[in-house]
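No lab work stands behind these numbers, since they all come straight from the coordinates. The structure displayed is predicted, hence computed values, not measured ones. Note that we place each Cβ from the backbone using ideal geometry, even for glycine, and neighbour counts take in every protein chain shown.
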Amino acid sequence: MSVEDRLRVEKVELLSDNWYVLRKATFDWRRRDGTWQRQEREAYDRGNGAAILLYDEERRTVVLVKQFRYPVYTNGWNDLLIEVPAGVLDNAGPEERIRAEAEEESGFRVRDVRRVFEAYMSPGSVTEKLYFFVGRYRPEDRVAEGGGLHEDGEDIEMIEPTIDEALAMIERGEICDGKTIMLLQYAALHLFR
């Protein structure tokens, strides 16, 4: 039986359309035992996104960025969050958008981009699917200062640890962003042997 056969949407209400869109859905779900159960769920729709780990095999380095994230601050994180360059697709294709994001945030023009996987990061409340990429870079590929877009409120700092330093930062709790951990683990398994 498909999900469509098990779901009857009663109504969907718009709760907010400010930064992104928040909707509340009321629906009936057919349980495994055949009974129907009324449920309500809120879903935050911010569009799909893409993330990239820039890596230099020769120097064994990666490009990460540090920026302020208000939601994690409200949950007790009192530091800039260390992440891979990432952003919302904004009606562009994932590869096109991630090339632009990498340059906007880090200043590096990406040589080659390869999609490695896709994932829903918080499927219980957020509709977003992330497209994960890796791309090679060299020091001479830095074509701009980076730092993000001022008009988007971005104030981004770029760092360039070795893969071993980045993995140690995960262990020490300095890197706690899910997409970044996933891409660094991918790199440890597949890119830096």
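Which residues, counting only those in the range 120-151, are closer than 17 Å to Gly107 by Cα and among the hydroxyl-bearing types (Ser, Thr, Tyr)?
Scanning the range 120-151 gives a single hit, Tyr137.
Glu10 - would you say it is in contact with a Leu (Cβ under 8 Å, 6 or more places away or on another chain), more than 22 Å from Glu101 (Cα to Cα) and either small (Gly, Ala, Ser) or not in a loop (DSSP other than H, G, I, E, B) (or both)?
Spelling it out, it is not the case that Glu10 is in contact with a Leu (Cβ under 8 Å, 6 or more places away or on another chain), more than 22 Å from Glu101 (Cα to Cα) and either small (Gly, Ala, Ser) or not in a loop (DSSP other than H, G, I, E, B) (or both).
Within the range 116-132, is even one residue assigned to a helix (DSSP H, G or I) and within 21 Å of Tyr70 (Cα to Cα)? Working first, answer last.
Residues of the range 116-132 that are assigned to a helix (DSSP H, G or I), as a first pass: none.
Checked the range 116-132: no residue is assigned to a helix (DSSP H, G or I) and within 21 Å of Tyr70 (Cα to Cα).
Looking only at the range 6-35, how many residues end up being loosely packed, with under 11 Cβ neighbours inside 10 Å and among the hydrophobic types (A, V, I, L, M, F, W, C)?
3
Of everything in the range 36-55, what is surrounded by 15 or more Cβ atoms within 10 Å (Cβ to Cβ) and within 17 Å of Phe132 (Cα to Cα)? Give them in sequence order.
Asn48, Gly49, Ala50, Ala51, Ile52, Leu53, Leu54, Tyr55
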